[in-house]
Amino acid sequence: MLRIAVFQGCSKLWNMRFYKIALVLVAIAGVASLSIAENMDKAIIHNTGTIIPKITAKSGYWRDIQDAINIAVSHGMSEVYIPEGTWNFVNPGESWTGARVVIPAGVSLFGASTERYPNGSVVEWKTILVMPWDMPGDNSWMPPHWFKIQGNSNPNKPSRFSDIKLVGYREINHSSTQIYRGIVIDSVINFRVDHCCFRHIPEGILTMGLYCCGVIDHNVFDNVYGWHGGTVWANRTIGYGIAVNRAVLGTTEWANITTVLGQYKNYTVFIEDNVFTKWRHCVVGNDGAHYVFRHNKVIGGFAYNEVDQHPRYAGQEPYVPCRAGEVYENEFLNPVIQGICIYLFSGGGVYFNNTLVGYGQFLYTADSSWGDMVNPKDIYIWNNNIGSAILYGGSAQIGTEVFFYKPDWYTPYPYPHPLTST
């Protein structure tokens, strides 16, 4: 009897402990669920009938954004939202190197929805991220960047970055010379950056990776203060609106240009329906890049090669420079000097139906790369309204390397880009 009583007492004690432990675990789970639920908002019901919660960051502070992204990833969700408001992206005195917020490919980041004009441009941004202090940057090719979208060229993991305005410290202190970048997109297939504003962000967007492709549309890339640096790139306080790279350490791929132009390759970047102001170059291509710059406006630019195809110099062979550009249906208006609109140090392309006001030169070429294969050639120019500007000058020879007509084999890729309908 004594043994049975002892056993029953131990059993009751064990049960009490079990219930206490269970209650603690339930409480912990409740707190964790509450924390996650605070980031979950309305549900989106897709035509499949699946209900997917919307993850919303607590604020526009970088840590809150990163936390929301991490929650989305851990729960297999693909959309994260930053709430309406003007937010300090970092705290005053808070600096970083590399990327401040990392977005895995397959995850998209949105600000509050914006009203649009009939042409698709934004009336007013509602989610605004501000740099509140003179955060130290650097003048390297890879300065600190606010966001990085990181992929591995998986075609099933597209990402989108939309309806967000980034405001640099130069908006507050016009004499600031610090350089940082808005977004780096690395090895993402079918990315889209749209309806954003890069205001006094000295380096706008960098795309990189051997296979990285997508569209950048309906954005504003705007600088008022700063300098392009002249012939010394390291002296710049304003760099590139959009830099299109491929393999950073170099690629040797140099496809026949007839298989590149008019195509959406897995390394092509489309840049359409944007507005640019003062940049060292509004767009530049490197390392085998192919970009399409169309239906954009450049207003009050530096005319220091608004559009540029960069070289690879002697000693850098066999690595290749920019492969090709397509520049059409753009307006280049009222630059600060009568400089050059388009400069080719490499590759070829098509350049047509553009309008220039106030430029001195439409297109210029220079044999600056390491060999004849990669120096400027296969250049087609036609039907541009350039005012008093000189149409063409430079090293590439008219009749054998430069032609003033549309090639029969060329058809522009459909406009607008299909990704803009997402």
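Please count how many residues of the range 362-386 are closer than 17 Å to H281 by Cα and surrounded by fewer than 24 Cβ atoms within 10 Å (Cβ to Cβ). Steps first, please.
So in the range 362-386, the residues closer than 17 Å to H281 by Cα come out as 362-366.
Narrowing the set further to residues that are surrounded by fewer than 24 Cβ atoms within 10 Å (Cβ to Cβ) leaves 362, 364, 366.
Number of matching residues: 3.
Results for (1) more than 24 Å from Y343 (Cα to Cα); (2) hydrophobic (A, V, I, L, M, F, W, C); (3) out of contact with any helix residue (DSSP H, G or I) (no Cβ under 8 Å at 6 or more places or on another chain), shown as yes or no for each residue.
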residue	(1), (2), (3)
N173	yes, no, yes
Y180	yes, no, yes
I183	yes, yes, yes
I189	yes, yes, yes
V193	yes, yes, yes
I205	no, yes, yes
Y211	yes, no, yes
D217	no, no, no
D222	no, no, yes
Report task. Out of V215, V224, report the one residue that is outside any helix (DSSP H, G or I), modelled with pLDDT of 95 or more and within 17 Å of N266 (Cβ to Cβ). Result -> V215
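Mind telling me which of the residues Y343, Y313, Y359, Y319 ends up being touching a strand residue (DSSP E or B) at 6+ places or on another chain (Cβ under 6 Å), hydroxyl-bearing (S, T, Y) and surrounded by fewer than 24 Cβ atoms within 10 Å (Cβ to Cβ)? I'd like the intermediate steps shown before the answer.
Details: Y313 fails: touching a strand residue (DSSP E or B) at 6+ places or on another chain (Cβ under 6 Å); Y359 fails: surrounded by fewer than 24 Cβ atoms within 10 Å (Cβ to Cβ); Y319 fails: touching a strand residue (DSSP E or B) at 6+ places or on another chain (Cβ under 6 Å).
Just a single option satisfies the conditions, and that option is Y343.
Confirm whether T252 is more than 25 Å from T231 (Cβ to Cβ) and surrounded by fewer than 17 Cβ atoms within 10 Å (Cβ to Cβ). It would help to see each step written out before you state the result.
On the way: more than 25 Å from T231 (Cβ to Cβ): yes; surrounded by fewer than 17 Cβ atoms within 10 Å (Cβ to Cβ): yes.
For T252, the condition - more than 25 Å from T231 (Cβ to Cβ) and surrounded by fewer than 17 Cβ atoms within 10 Å (Cβ to Cβ) - is met.
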Report task. Answer yes or no as to whether V327 is crowded, with 23+ Cβ neighbours inside 10 Å, of a type in the set (A, V, I, L, M) and under 19 Å from I216 (Cβ atoms). Result -> yes
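Determine, yes or no, whether S346 is free of Cβ contacts under 8 Å to residues at least 40 places away in the same chain, in contact with a Ser or Thr (Cβ under 7 Å, 6 or more places away or on another chain) and among the small types (G, A, S).
Values: free of Cβ contacts under 8 Å to residues at least 40 places away in the same chain: yes; in contact with a Ser or Thr (Cβ under 7 Å, 6 or more places away or on another chain): yes; among the small types (G, A, S): yes.
For S346, the condition - free of Cβ contacts under 8 Å to residues at least 40 places away in the same chain, in contact with a Ser or Thr (Cβ under 7 Å, 6 or more places away or on another chain) and among the small types (G, A, S) - is met.
From F276, F293, which residue is closer than 18 Å to P412 by Cβ, within 21 Å of the chain's Cα centre (by Cα) and either buried (at least 24 other Cβ atoms within 10 Å of the Cβ) or at pLDDT 95 or above (or both)?
F293 is the lone residue from the list that is closer than 18 Å to P412 by Cβ, within 21 Å of the chain's Cα centre (by Cα) and either buried (at least 24 other Cβ atoms within 10 Å of the Cβ) or at pLDDT 95 or above (or both).
Conditions tested, residue by residue: (1) at pLDDT below 95; (2) closer than 20 Å to L261 by Cα; (3) touching a helix residue (DSSP H, G or I) at 6+ places or on another chain (Cβ under 7 Å); (4) hydroxyl-bearing (S, T, Y).
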position: R323; (1), (2), (3), (4): no, yes, no, no
position: V327; (1), (2), (3), (4): no, yes, no, no
position: D378; (1), (2), (3), (4): no, yes, yes, no
position: N384; (1), (2), (3), (4): no, yes, no, no
position: G393; (1), (2), (3), (4): no, no, no, no
position: G399; (1), (2), (3), (4): no, yes, no, no
position: D408; (1), (2), (3), (4): no, yes, no, no
position: L419; (1), (2), (3), (4): no, yes, no, no
Report task. From (1) surrounded by 15 or more Cβ atoms within 10 Å (Cβ to Cβ); (2) touching an Asp or Glu at 6+ places or on another chain (Cβ under 6 Å); (3) of a type in the set (A, V, I, L, M, F, W, C), pick out the condition that doesn't hold for W133. Result -> (2)
Report summary line: The residue that is surrounded by the fewest Cβ atoms within 10 Å (Cβ to Cβ), considering only those in the range 136-172 that are hydroxyl-bearing (S, T, Y) and free of Cβ contacts under 8 Å to residues at least 40 places away in the same chain, is S140
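Just name the residue that is farthest from I164 (Cα to Cα) out of those in the range 68-87 that are in contact with a Ser or Thr (Cβ under 9 Å, 6 or more places away or on another chain) and not hydrophobic (A, V, I, L, M, F, W, C).
Pass one, the range 68-87, residues in contact with a Ser or Thr (Cβ under 9 Å, 6 or more places away or on another chain): 68, 71-72, 78-87.
Subset that is not hydrophobic (A, V, I, L, M, F, W, C): 78-79, 81, 83-86.
Working: S78: 17, E79: 14, Y81: 10, P83: 10, E84: 10, G85: 11, T86: 10 Å.
Across the range 68-87, the extreme among qualifying residues is S78.
Anything in the range 214-235 that is hydrophobic (A, V, I, L, M, F, W, C), surrounded by fewer than 24 Cβ atoms within 10 Å (Cβ to Cβ) and closer than 23 Å to F110 by Cα? List them, or say none. First the steps, then the outcome.
We begin by selecting, within the range 214-235, every residue hydrophobic (A, V, I, L, M, F, W, C); these are 215-216, 220-221, 224, 227, 232-234.
Applying the additional criterion that residues be surrounded by fewer than 24 Cβ atoms within 10 Å (Cβ to Cβ) yields 220, 224, 227, 232-234.
Scanning the range 214-235 gives a single hit, V220.
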Query raised in the report: Hey, V224 hits all of (1) within 12 Å of the chain's Cα centre (by Cα); (2) closer than 18 Å to S176 by Cβ; (3) β-branched (V, I, T) but one; which does it fall short on?
Result: (1)
Query raised in the report: Can you find a residue in the range 118-126 that is without any contact (Cβ under 8 Å) to a residue 24 or more places away in the chain and within 24 Å of P202 (Cα to Cα)?
Result: yes
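The values are calculated or read from the model by the stated rules, or taken from the named source; none is laboratory data. Because the structure is predicted, anything quoted here is derived from the model rather than measured. We place every Cβ from the backbone using ideal geometry, glycine too, and count neighbours over all the protein chains shown.
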